Amino acid sequence: MGFLIPCPNCGLRSAYEFKFGGEVKNEPGHGAGLCEWRHYFYFNKNVAGVQEEWWYHYPCQTWVIVTRDTATNEVVGSPRLM
Amino acid sequence: MGRKSPLWKFTEPRGTYDVVVIGGGLHGLAAAYYLAKDQKVKRVAVLERKHFGYGGSSRNTEVYRVNQRAPEILPLYLLSRNLWLELSAELEWNLMVWEKGMIGLAHSDAGLNAIRMRHETQTRMGIENYMLTPEELKKLVPALDVSDKAAIPIVGGYFNPPGGQVRHDAAVWGFLKGCYKEGVDLCPGTEVTGINVTDGKVTGVDTNKGSISCAAVHMAPGGYSSEVARLAHLDLPVMTMPLQAMVTECVKPFLDHVVVSEGYFCYVQQSIKGDLIMGAHLDPWQSYKLYNTYEFAQEQAYCMLQLFPDIAHLRLMRSWSGLCDMTVDGAPIMGATEVENLFIDAGWGYFGFKSSPACGKTMAQFIASGQCPELINFLGIDRFYEGRMIPEVYMVRT
């Protein structure tokens, strides 16, 4: 099987119930150039290790920030609600 | 009778090279082979962290084809297909190439339109392709269910002759043999831990077996591309995702083509040995873990039975997964980087196998001459900053 993600509303649920929203990045500020925005949109750190990332839980329609080790799929700590 | 001399020998890396290739998969081995053979570069090494062909080169489904969507990239795939056909003779090693042809299936008017558009593109570029009705499909692939019993019935399809299968391990072994013959140093168990850059120019690499100085470095690390590029402080526009595939037990030959369903997003082919190689499922999240899920096997089996109801009793023998570094536009990243003499061939996602000989050949040309070949000069990393995306599409289920 895949792995489980603890949803703050629904408890431990299969990752297939979620939509992956990519790693947490720093959004460019106002006045940032097109190049900076494109870097923000398209480029990733794509870390093989622990990172913060966005997940959307379809059943309860909630975006959460999960800390996960991408090398093992282990979720670290409890997710933050946004 | 036993063979007297080995086909290749591995070696420890030396202190200096002209070109160091990071990654001992098909892309890296092909680049090293063509650097030595075509470009006459004397001192080339391939550094592989694990063993040769550990990554995507042995985790694919052995398909090559030339019917992608974006017209600009088709000549590269055509070159690759032609090289696959020639390489067995050139390497004196049977790659077991079987040009059986692709059968594509459409399950809706929209799907049929997409196929028709690709048909026009290919026909204009001189690539043989035929549009087929469900009745014609049934004649070519008798096991196919073209009735309206399936959840999403087949409404049409295509037959694309220049596609098929290459035995992937044979390809790795063939390139190892070729590299060894051309004097390339093959170094397994050699992990690159740093890429050294001085004044914006690459000067060498650090490895677990010591430092190596070299004039150029070529990164061909497959799914691990971001981790390798980070050694030179480069970010890549990719996300690494795990792809799963599986095979059934062997049965008598009944399937003479690679069959791709563009409605169920799955494909299947029967190998020479008789097993059905089927895939693929891309888990829609970033992960470097190699794992298989029950959900995949269940969904894959369901899709297969919608197409071929008669295979219902077949047992699954194995499933496996590989890492795919997916770009946002579905096209690869090939060419130079902002660091002088540091080259990259990455972002191949789940479709890197088919293109490996052509990528090796064109990258070798680029690295040796400094002139980017026309076949790949639009695939550079700068396109993401310039907004020059390539209209390729992903074809696997997520």
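We did not get these values from a lab; they are worked out from the coordinates using the rules stated. Just so it is clear, the model here is predicted, and its values are computed rather than measured. As a convention, Cβ positions derive from the backbone with ideal geometry for all residues, glycine included, and neighbour counts pool all protein chains shown.
Quick rundown of the values:
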item: Per-residue average of Cβ from other chains inside 10 Å of A:43-53; result: 6
item: For the stretch A:33-54 and the stretch B:14-91, distance of Cα centres in Å; result: 29
item: Mean Cβ count within 10 Å, highest first, over the residues of peptides B:72-79, B:233-240; result: B:233-240, B:72-79
item: Computed over the stretch B:74-137, the ratio Rg/Rh where both radii use C-alpha atoms and Rh is Kirkwood; result: 1.09
item: Cα centroid separation, the stretch B:116-133 to the stretch B:346-372 (Å); result: 26
item: All-pairs alpha carbon distance profile, the protein assembly as shown, 10 Å steps from 0, percent; result: 4, 19, 29, 27, 16, 5, 0, 0
item: Exercise: per-residue mean of other protein chain Cβ atoms within 10 Å, B:286-294; result: 6
item: Spatially proximal lysines relative to B:Lys177 (Cα-Cα < 22 Å; intrachain offsets below 8 disregarded); result: B:Lys4, B:Lys9, B:Lys37, B:Lys40, B:Lys42, B:Lys50, B:Lys354, B:Lys361
item: Added length on full extension, which subtracts the Cα-Cα distance from 0.36 nm per residue, B:Asn208 to B:Asn113; result: 28.9 nm
item: Share antiparallel - DSSP beta bridges, the protein assembly as shown, percent rounded to 5; result: 75
item: For the stretch B:268-357, fraction of C-alpha pairs farther apart than 22 Å, in %; result: 45
item: Two-site FRET efficiency, A:Lys25 against B:Glu295, from Cβ-Cβ distance with R₀ of 30 Å, rounded to 0.05; result: 0.55
item: Net charge, B:His257 excluded, C-beta distance under 15 Å - Lys, Arg +1, Asp, Glu -1; result: -2
item: Residue mean of other protein chain beta carbons inside 10 Å, B:234-240; result: 5
item: Among beta bridges that DSSP assigns inside chain B, antiparallel share in %, nearest 5; result: 70
item: Size of charge dipole - the stretch B:108-181 - debye, nearest 20, with Cβ of Lys, Arg +1 and Asp, Glu -1, no other charges; result: 420
item: Computed P(r) (all Cα pairs; chain A; 10 Å bins; percent); result: 17, 45, 27, 10, 1
item: Normalised convex hull volume, the stretch B:126-176, alpha-carbon set, Å³ per residue; result: 128
item: Positive minus negative residues near B:Leu47 (Lys, Arg vs Asp, Glu; Cβ under 10 Å); result: -1
item: Isotropic mean projected area of the C-alpha convex hull, the stretch B:1-91 (nm²); result: 8.6
item: Sum of side-chain charges, B:Met389 neighbourhood, beta-carbon under 13 Å (Lys, Arg +1; Asp, Glu -1); result: -1
item: Those GluC sites (Glu not before Pro) in the stretch B:310-391 that DSSP places in a loop and that have at most 13 other beta carbons within 10 Å; result: B:Glu338, B:Glu374
item: Span from the the stretch B:137-180 Cα centroid across to the the stretch B:317-335 one, whole angstrom; result: 19
item: Inter-label distance, nm, simple model (7 Å from Cα along the C-beta direction), B:Lys139/B:His233; result: 6.4
item: Expected-Rg normalisation [2.2 N^0.38 Å, Cα atoms] applied to the stretch B:168-243; result: 1.27
item: Cross-link reach list, lysines versus A:Lys19, counting only Cα pairs under 24 Å and skipping chain neighbours closer than eight places; result: A:Lys45, B:Lys289
